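Presented below is the structure to which this report refers.
The values are calculated or read from the model by the stated rules, or taken from the named source; none is laboratory data. All values reported here derive from a predicted model rather than from experimental measurement. Neighbour counts run over all protein chains shown; Cβ positions are idealised from the backbone, glycine included. Calculation scope for accessible area: heavy atoms of the full protein, side chains included, ligands and nucleic acids excluded. Shrake-Rupley method; radii C 1.70, N 1.55, O 1.52, S 1.80 Å.
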Amino acid sequence: MADITIPLVDLHAQYLSIQGAIDAAIRRVIENSAFIGGPSVREFEESYAADYGVRHCISVANGTDAIYVALKMLGIGSGDEVITTAHSWISTSESISQTGARPVFVDVDAYYAIDADLIDAAITPRTRAIIPVHLFGHPADMTRIMTIAQKHGLLVIEDCAQAHYATWHGQRVGTFGVVGTFSFYPGKNLGAYGDAGAIITNDEALAARMRMYANHGALRKHEHLMEGINSRLDALQAAILHAKLPHIHQWTAQRQRIASWYDELLAGAPAVQIPRVREQATHVYHLYVVQVSDRDAVASRLATRGVQTAIHYPTPLPLLEAYRYLGTRSGQFPRATANSARILSLPMYPELTRAQVESVAAALCSGRH
């Protein structure tokens, strides 16, 4: 296998582009020696909420905890069911299980999001909530999902881990449901230098409960009003995220520009399906995912040419061993199953050059008829 010349993501290139701001942010935290909580965390929470257009941002240790804390403080627990997509990272569904509730999976649509046409059939008297995942950076059909949720009196928790600032009909994802949850894992569109996450909401009472639960059940030290968990964003990560925040819109625009290059170069490529984008959506391209029939061979060929790829994700959630107990039937999730054998994530990060994209496209198209 050749050395990687075009990585899937290049975090060092991003660091070099804003090195002064990152170094200064880290230095300030060290000089202040406030490593848990403190001004850096408050500054990021307030800035992210203001920039996103919401009243409250509650930072947590990671994106998985963001979902779990939200579910717990919304009263989801034993005996409940929560509907979510068959195609996501396991954080979405395991957070449901950790509350004592049962995940109910629904197949995906042509845009890798939960298929809104199939949600009604999954609703039972035990259903309490829906978690749409805005996978790869493309919004789910929030118009349909909110209509269904309102009809049945269900909560909506939006998993925005891969879709910071994506919009549906001009409205940002994460602002349709009662909460939106985010991951700031290093490779995300807005990423820390370790694990980090957040929840956004306009519900003041809910925000207070979530903040309390994530901090051992206390808003003030030693004043524990409930039992909670330890899920706090550390100050170094908050400072890094705050330093990156002014650049997120420029980075998003560049991701969209790079996606347009891929679209242009791959539009006529035989047996390569490029990402579809709904007319009502803005895609923020956390990942640029194509479909090819001979995926593993294509990935191997790209690797020999120094192009790193990945599969997000190789197995639909309900087909994982962890969910054998649900008794999934063969053929129950046809689209998610078919996609899992064909999807391939190509390099995508704001610092990619046109020449690099052309190299990836040429490698992908070589030998295809």
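Values as computed for the structure displayed
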{"quantity": "Cα gyration tensor category, rounded, prolate or oblate, for region 275-340 with a/c compared to 1.5", "calculated": "oblate"}
{"quantity": "Heavy-atom accessible surface of the chain: percent carbon and sulfur, 1.4 Å", "calculated": "50 percent"}
{"quantity": "Cα-Cα pairs of region 83-196 separated by more than 20 Å (percent)", "calculated": "36 percent"}
{"quantity": "Normalised per residue, the volume of the convex hull around the Cα set of region 1-87 (Å³)", "calculated": "221 Å³"}
{"quantity": "Peptide ranges 246-259, 194-207 listed from the most packed, as the mean C-beta count within 10 angstrom indicates", "calculated": "194-207, 246-259"}
{"quantity": "D (Stokes-Einstein, µm²/s), Kirkwood Cα radius, region 76-120, 1.567 mPa s at 4 °C", "calculated": "120 µm²/s"}
{"quantity": "Computed over region 238-369, Cα set: Rg, Dmax in Å", "calculated": "17.0, 50"}
{"quantity": "Descending Cα extents along the principal axes, region 214-307, whole Å", "calculated": "63, 30, 29"}
{"quantity": "Antiparallel %, DSSP beta bridges [both residues in region 90-235], to 5", "calculated": "60 percent"}
{"quantity": "Cα gyration tensor, region 173-223 - rounded (a/c under 1.5), prolate or oblate", "calculated": "oblate"}
{"quantity": "Local electrostatic count, ASN189, Cβ distance below 15 Å [Lys/Arg +1, Asp/Glu -1]", "calculated": "+1"}
{"quantity": "Antiparallel bridge percentage (DSSP; both residues within the chain; nearest 5)", "calculated": "60 percent"}
{"quantity": "Loop sites in region 114-221: trypsin sites (Lys or Arg not before Pro), DSSP, at most 16 other Cβ within 10 Å", "calculated": "ARG126, LYS221"}
{"quantity": "Surface/4 estimate of mean projected area, convex hull on alpha-carbon atoms of region 2-53, nm²", "calculated": "5.7 nm²"}
{"quantity": "Geometric extent, Cα atoms of region 146-200 - Rg, Dmax (angstrom)", "calculated": "12.7, 42"}
{"quantity": "Solvent-accessible area per residue, Å², over the chain with all protein chains present [probe radius 1.4 Å]", "calculated": "42 Å²"}
{"quantity": "Cα-based shape type of the chain, given that a ≥ b ≥ c are square roots of the gyration tensor eigenvalues and the cut on a/c is 1.5", "calculated": "oblate"}
